[in-house]
Amino acid sequence: MFTSLQNPLAFFGRVLIALLFIPAGFGKIAGFVGTAAYIAKMGVPLPEVAAIIAIVVELGLGILLLVGFQTRWAALGIAIFTFVITFIFHQYWGIPAEMVMSQKMNFFKNMAAVGGLLSIAAWGAGAWSVDAKLNK
């Protein structure tokens, strides 16, 4: 049963994961000053550079993931980025008790996204992708 669904599942999985990142990238462009200020508040050095990196990863690699071009590399890049930033921005273990639940949920949501991205990096985009069309 799942063999016949492999390509649509791979496609919709890529789309849904990309939906986490592409709008976030656009949001960082629209609110660049606020994004850089928030990054600085979290103690990240060179916050404007960090914001640009976030935009490139979320928007640029997110679009590559969505269309399935250089999918394995895009998924791996987003996975590494997400893994690193999660420990910076969702430190649920070191915050006031009333904030723990939401930050813990965001932390583990991000880790689940990293898991999905690593699966895409391992298995590729599937037949409904630019990668598959270029490999024919």
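Where a number appears in this text, it was derived from the coordinates with a stated rule and is not lab data. Please read these numbers as outputs of a predicted model, since none were measured by experiment. When we count neighbours, we look across all protein chains shown, and the Cβ atoms used for this are built from the backbone with ideal geometry, even at glycine.
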_Using alpha carbons only, how many angstrom separate the centre of region 93-120 from the centre of region 1-49?_
14
_Listed values [x] 8.9; [y] 8.3; [z] 9.3, entry calculated as mean projected area of the Cα convex hull in nm²_ = [z]
*asked:* Starting from the 7 Å offset along Cα-to-Cβ, what nm value, one decimal, do you get for the label separation of V15 and I95?
replied: 3.2
*Taking a label point 7 Å from the Cα of K104 along the Cα→Cβ vector, which residues of region 77-94 have an amide N closer than 17 Å to it?*
87, 90-94
_Straight-line reach from K104: which lysines fall under 29 Å, measuring Cα to Cα and dropping same-chain residues less than 8 apart?_
K28, K41
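Taking R0 as 41 Å, what's the FRET efficiency between A132 and K41 from their Cβ-Cβ distance, rounded to 0.05? List each step's numbers first, then the result.
Working: r = 43 Å, r/R0 = 1.04.
FRET efficiency, A132 to K41: 0.45.
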*State, to one decimal in nm, how far the label point of N7 lies from the label point of V56, with both points 7 Å from Cα in the Cβ direction.*
3.4
*How would you rank 28-41, 69-82, 118-131, highest first, on the average number of other Cβ atoms within 10 Å across their residues?*
69-82, 118-131, 28-41
